[in-house]
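Only one structure is covered here, and it is reproduced in the block below.
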Amino acid sequence: MVNAAPGSAQARAAVGDGKAVLEASDIRRALTRIAHEILERTKGGGDVILLGIQTRGVTLARRLAERIEEVEGNPVPWGSLDATMYRDDLRMKPARALGRTELPTGGIDGRIVVLVDDVLFSGRTVRAALDALSDLGRPRAVQLAILVDRGHRELPIRADYVGKNLPTSIRENVRVLLAEVDERDAVLLGPGTEAGARHGGGEDTEVK
């Protein structure tokens, strides 16, 4: 992912930075499949809340909510979760702006919360999100939906729903571009240093 203004030189450069392993049609199909899997596993999704992990996870959560509504005919509550202050690398990274946490009306108590993010790498972002979630309520169950799982886990975390399992080298970067931010849907795989790769190619250079 690239944290750049749409249409900026940085965003345009990033589009060409790496080989496209998923294009817009692939991402669309992956999200449609995940939506169907969520409905099947949760028996219709009546108790489901989708929470996107800031930032691109929020866009993906909204898209998933739209697809589930298209299938079931009922709106699916969705919101956003910022786990910045729960990260275990805050002291090692420059200060970053806080994102917004917005829960659907009624909160998360007793509901099935599906956390949504773009890339699963080390697992540290998801761990932080789980800690943040525990301060917001007590869901009946928590599941994880990921667009791209690139492996190299550092924590015992596994996604329940995966759009694409992408074998990668530790030195490669994975960038997720979404049209709402980057003017194009794509997943790019490109070279990078080991230090940079530990950030998962994720926005704001956070260890995914």
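The values are calculated or read from the model by the stated rules, or taken from the named source; none is laboratory data. Predicted, not measured: the structure shown is a model, and the values here were computed from it. When we count neighbours, we look across all protein chains shown, and the Cβ atoms used for this are built from the backbone with ideal geometry, even at glycine. To get the accessible areas, we keep the full protein, side chains included, count just its heavy atoms, and leave off ligands, DNA and RNA. Shrake-Rupley method; radii C 1.70, N 1.55, O 1.52, S 1.80 Å.
Here are a few things to note about the model shown:
- Ordered by 1.4 Å accessible area with all protein chains kept, L155, L51 run largest first as L155, L51.
- Modelled spin labels at R158 and E180, positioned 7 Å past Cα toward Cβ, are 3.0 nm from each other.
- Checking every one of the trypsin sites (Lys or Arg not before Pro) in the range 16-49 against DSSP loop status and a limit of 16 other Cβ atoms within 10 Å picks out K43.
- Rounded accessible area of S80 (nearest 10 Å², 1.4 Å probe): 10
- For the range 58-129: rounded, prolate or oblate by the Cα gyration tensor [a/c cutoff 1.5]: prolate
- Nearest-10 value in Å² for the accessible area of D82, using the 1.4 Å probe: 20
- Alpha carbon centroid spacing (whole Å) that separates the range 61-79 from the range 122-193: 20
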